Amino acid sequence: MPEPGLAPGTRDENGIHRMKREVETHGRDARSEKRQTRRRWVMRGVLIAALLGAAGFLLAASGIIPITASSRHWAITRWFLNFSKERSVATHSIGIKVPPLNDEWRILKGAGHFETGCRPCHGSPDVPQPRIAFAMTPNPPPLSTHGQDFEPAELFYIVKHGIKFTGMPAWPSQNRDDEVWDMVAFLRKLPELDGEQYRRLVHGTATPDDDAPLQELLPSRGTRNVVSQNCARCHGSDGNGRGNEAFPALAGQKEQYLYASMKAYLEKRRHSGIMEPIAAGLDDAAMREIARYYSALPRRASPSTNAAAIARGETIALRGIPARRVAACAQCHGPSPVESNPFYPRLAGQYAGYLELQLGLFQKRARGGTPYSHVMHYTADTLSAEERRDVALYYSSLEYQTTEDEP
């Protein structure tokens, strides 16, 4: 269309069209120049990054950067690392659901492992932080005073996953979140404890007389020391645990089953961040001696009082649930006049909370165990939470006894 007031093909109209083309050409040239400028800055940035990377590599390759713990961190480095750690933990712990942490059995389990796995670096209320920890960079914090610096979900994330470039390891068994929460429960309690309270949580109220069975039944001094310093702290020298579901009773358990369980921990076929490191420190002869020792001890009953739940559990244990193809527990675990497979544990007199936990771990595929442990998966999958509790209460109510046919 010609411009208003101009005749088509006149000089003025041609001039206007030429000016429009020049403006469009100038606009294209300006945009092209901007793109080229941006491209030049990007190339410069890439070149600078490459030069810095090459310089960093050459600096590291030269070996002149000190990595000695004795040189410590610069203040700015220490601040940056702490800031990065705190932000990372805060971000990755978002959405972690915190279970109840005030149960005594949780705190007891955490205390037992803290003494073995954490005190050598972090100290405890009854023993100052070891001098060797002060020579580490960064220094492990004294948890007796810093145990509540983080929220429970943040503590869970740290304990489970550890921290890179420090001496803080990840939890040895990554599928045992229940054990990690036990440790968190204890860490939250730790700043409130004095030396005596700490020792009572870790070691209980054992007396020298409690070690009498060790002297009578364990000929090896080395194995006696292992039992008294490691096993007894949780399971007791008498094999009856600490009186609650924190630790299972081992007294009177089948010798073959106890030995197979320790081997399963050693070979990572049964999962526990607490037991795996202990089993890794035992040779085969010690495992056999410990299994023989605990199997020879008498088990005390841990009676349950919920009569209605016990009755429901008895029905399941003795008859199963035919409609859901759940076999009777007694076929493998008793009570029965005939001894079953030596790899099937006896359950009579065991703590109800411990049995319930094991059934839950089987359901989650987080337990593992002896070569026959997979047999439990279908039962654990099929039973409801209430039914698992009922069966556990029933077995805890039974008085432990062996069969006449037992070899």
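Could you count how many residues in the range 208-239 are in a loop (DSSP other than H, G, I, E, B) and under 26 Å from Leu101 (Cβ atoms)?
Going through the range 208-239 one residue at a time, the tally reaches 1.
Can you find even one residue in the range 128-144 that is under 22 Å from the mean Cα position of the chain (by Cα), over 23 Å from Ile278 (Cα atoms) and part of a loop (DSSP other than H, G, I, E, B)?
Among the residues of the range 128-144, at least one is under 22 Å from the mean Cα position of the chain (by Cα), over 23 Å from Ile278 (Cα atoms) and part of a loop (DSSP other than H, G, I, E, B), which makes the answer yes.
Go through the range 197-237 residue by residue and tally those that are open to solvent by 40 Å² or more (accessible area, probe 1.4 Å) and at pLDDT 90 or above.
The number of residues fulfilling the criteria is 3.
Is it the case that Arg176 is among the charged types (D, E, K, R) and open to solvent by less than 60 Å² (accessible area, probe 1.4 Å)?
yes
Consider the range 49-69. How many of its residues are open to solvent by less than 100 Å² (accessible area, probe 1.4 Å) and either modelled with pLDDT of 85 or more or in contact with a Ser or Thr (Cβ under 8 Å, 6 or more places away or on another chain) (or both)?
Counting residues in the range 49-69 that are open to solvent by less than 100 Å² (accessible area, probe 1.4 Å) and either modelled with pLDDT of 85 or more or in contact with a Ser or Thr (Cβ under 8 Å, 6 or more places away or on another chain) (or both) gives 13.
List the residue pairs whose Cβ atoms are under 9 Å apart, where the first residue sits in the range 101-118 and is aromatic (Phe, Trp, Tyr), the second is open to solvent by 50 Å² or more (accessible area, probe 1.4 Å), and the two are 6 or more positions apart or on different chains.
Qualifying pairs under 9 Å: Trp105/Arg242; Trp105/Glu245.
Under 7 Å between Cβ atoms, which residue pairs at least 6 apart in sequence (or on different chains) link something in the range 135-148 that is within 23 Å of Ala111 (Cβ to Cβ) and hydroxyl-bearing (Ser, Thr, Tyr) with a partner that is open to solvent by less than 50 Å² (accessible area, probe 1.4 Å) and part of a loop (DSSP other than H, G, I, E, B)?
Ser144/Gly123; Ser144/Pro125
Quick one: how many residues across the range 249-281 are open to solvent by less than 20 Å² (accessible area, probe 1.4 Å) and not in a helix (DSSP H, G or I)?
Here the count works out to 8.
Let me spell it out: the conditions are (1) of a type in the set (Ser, Thr, Tyr); (2) within 20 Å of Asp103 (Cα to Cα); (3) part of a helix (DSSP H, G or I), and Thr205 meets all of them except one. Which number is the exception?
(3)
Of a type in the set (S, T, N, Q), within 20 Å of Val391 (Cα to Cα), modelled with pLDDT under 95 and in contact with a Cys (Cβ under 7 Å, 6 or more places away or on another chain), is that true of Ser302?
Working: of a type in the set (S, T, N, Q): yes; within 20 Å of Val391 (Cα to Cα): yes; modelled with pLDDT under 95: yes; in contact with a Cys (Cβ under 7 Å, 6 or more places away or on another chain): no.
In short, no.
State whether one or more residues within the range 86-94 are surrounded by fewer than 16 Cβ atoms within 10 Å (Cβ to Cβ), part of a loop (DSSP other than H, G, I, E, B) and either acidic (Asp, Glu) or at pLDDT 95 or above (or both).
yes
Going by the conditions given, is Ala311 open to solvent by 40 Å² or more (accessible area, probe 1.4 Å), at pLDDT 95 or above, of a type outside the set (Lys, Arg) and assigned to a helix (DSSP H, G or I)?
Yes: the conditions hold for Ala311.
How many residues are surrounded by fewer than 19 Cβ atoms within 10 Å (Cβ to Cβ) and assigned to a loop (DSSP other than H, G, I, E, B) when one looks only at the range 321-342?
11
Regarding the range 175-184, can at least one residue be identified that is in contact (Cβ under 8 Å) with a residue 24 or more places away in the chain, more than 23 Å from Ile274 (Cα to Cα) and in contact with a Gly (Cβ under 9 Å, 6 or more places away or on another chain)?
Within the range 175-184, none of the residues are in contact (Cβ under 8 Å) with a residue 24 or more places away in the chain, more than 23 Å from Ile274 (Cα to Cα) and in contact with a Gly (Cβ under 9 Å, 6 or more places away or on another chain).
Looking only at the range 110-157, how many residues end up being open to solvent by less than 20 Å² (accessible area, probe 1.4 Å) and not polar (S, T, N, Q)? Break it down into steps so the answer makes sense when it comes.
To start, the set of residues in the range 110-157 that are open to solvent by less than 20 Å² (accessible area, probe 1.4 Å) comprises 110-112, 114, 123-124, 133, 140, 147, 153, 155-156.
Pick out the ones that are also not polar (S, T, N, Q) and you get 110-112, 114, 123, 133, 140, 147, 153, 155-156.
Total satisfying the criteria: 11.
The values are calculated or read from the model by the stated rules, or taken from the named source; none is laboratory data. Being a predicted model, the structure only gives us computed values, none of them experimental. Glycine gets a Cβ as well: all are built from the backbone with ideal geometry, and neighbour counts include every protein chain shown. Areas reflect the complete protein model, heavy atoms only, side chains present, ligands, DNA and RNA absent. Shrake-Rupley method; radii C 1.70, N 1.55, O 1.52, S 1.80 Å.
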